[in-house]
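J.: This is the structure, below, for whatever I ask next.
The values are calculated or read from the model by the stated rules, or taken from the named source; none is laboratory data. Remember, it's a predicted structure, so these values are computed and weren't measured experimentally. Ideal geometry is used to build each Cβ from the backbone, glycine not excepted, and the neighbour counts take in all protein chains shown.
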């Protein structure tokens, strides 16, 4: 009979060592600070040595504990992989992805068939949010948002940057045929279509183009960008749109970018994985696929 350490205490220890905080470990696992402390103490009793030492107001893992935690994490990964291999081969696996509406419609969903071709047993269920800043509530395995990949930006999630973004001027081919925009001065005769959830897009682009004086030009404002994009395609005016998210629209001729070299860099898209998410091979391979797709030149 193998003499195993207390497995629940091992789980708590791995999270505490990874996050570097009893409080963060408790938040991730749904435990109180005291419960985390008791589990760590039980594991220390079993091992016969300290795993954490107090540094100021925090409990820090010892060097030996950090090495032990890395091995425990790898062991958990192997258990998960073995459990998946032991499961029914024909079982469908659902991966829940939360993404901004425009990103989901114009970039993610058109590419999903390539993922499904390699992982036919996985069903990717996409739910959309109407703004990049919607709260990160439960109900997903991966959330896609725009922002920094620094840990401080997403304290409850692991962030993986996979796609850069830049804004440029967009318009419909029909509007270009009626009222061409070949020089920057041609913009003056057009309506500017703006979005409430992207308030700085026009001012930033006009400044980059040296047209700050056009900020007071006639505008129409919509609540969300996917509405603005449709208004642009319908020829109601000029818009500011993100690349490469709209690259398929440009390639298909639904939209034009009159000045493709005048761009305003934006924050990258990041994949956010909750720290308490099951680290399955399906989840890992989807993140790897996102990163690979982000490297593909449009």
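J.: For residue 50, are the conditions met, namely being outside the structural domain of residue 139 (by TED's automatic domain parsing), more than 22 Å from residue 141 (Cα to Cα), touching a helix residue (DSSP H, G or I) at 6+ places or on another chain (Cβ under 9 Å) and free of Cβ contacts under 8 Å to residues at least 40 places away in the same chain?
T.: yes
J.: Another question, if that's okay. For the stretch 202-249, which residues satisfy the criterion of being assigned to a loop (DSSP other than H, G, I, E, B) and either farther than 28 Å from residue 111 by Cβ or outside the structural domain of residue 174 (by TED's automatic domain parsing) (or both)?
T.: Within the stretch 202-249, 209, 210, 211, 217, 218, 236, 237 meet the criteria.
J.: Going residue by residue through the stretch 224-237, is there one that turns out to be in contact with a helix residue (DSSP H, G or I) (Cβ under 6 Å, 6 or more places away or on another chain) and within 17 Å of residue 176 (Cα to Cα)?
T.: Looking through the stretch 224-237, at least one residue is in contact with a helix residue (DSSP H, G or I) (Cβ under 6 Å, 6 or more places away or on another chain) and within 17 Å of residue 176 (Cα to Cα).
J.: Follow-up question, since we're still on this one. Can you tell me which residue among 35, 25, 41 is outside the structural domain of residue 277 (by TED's automatic domain parsing), out of contact with any strand residue (DSSP E or B) (no Cβ under 7 Å at 6 or more places or on another chain), surrounded by 14 or more Cβ atoms within 10 Å (Cβ to Cβ) and farther than 27 Å from residue 154 by Cβ?
T.: So the residue among 35, 25, 41 that is outside the structural domain of residue 277 (by TED's automatic domain parsing), out of contact with any strand residue (DSSP E or B) (no Cβ under 7 Å at 6 or more places or on another chain), surrounded by 14 or more Cβ atoms within 10 Å (Cβ to Cβ) and farther than 27 Å from residue 154 by Cβ is 41.
J.: I'm trying to understand the selection: among the residues of the stretch 238-248, which are buried (at least 19 other Cβ atoms within 10 Å of the Cβ) and touching a helix residue (DSSP H, G or I) at 6+ places or on another chain (Cβ under 7 Å)?
T.: Of everything in the stretch 238-248, those that are buried (at least 19 other Cβ atoms within 10 Å of the Cβ) and touching a helix residue (DSSP H, G or I) at 6+ places or on another chain (Cβ under 7 Å) turn out to be 238, 239, 240, 241, 245, 246.
J.: Residue check: is residue 58 closer than 24 Å to residue 158 by Cα, surrounded by fewer than 16 Cβ atoms within 10 Å (Cβ to Cβ) and either touching a residue at least 12 places away in the same chain (Cβ under 8 Å) or in the same structural domain as residue 151 (by TED's automatic domain parsing) (or both)?
T.: yes
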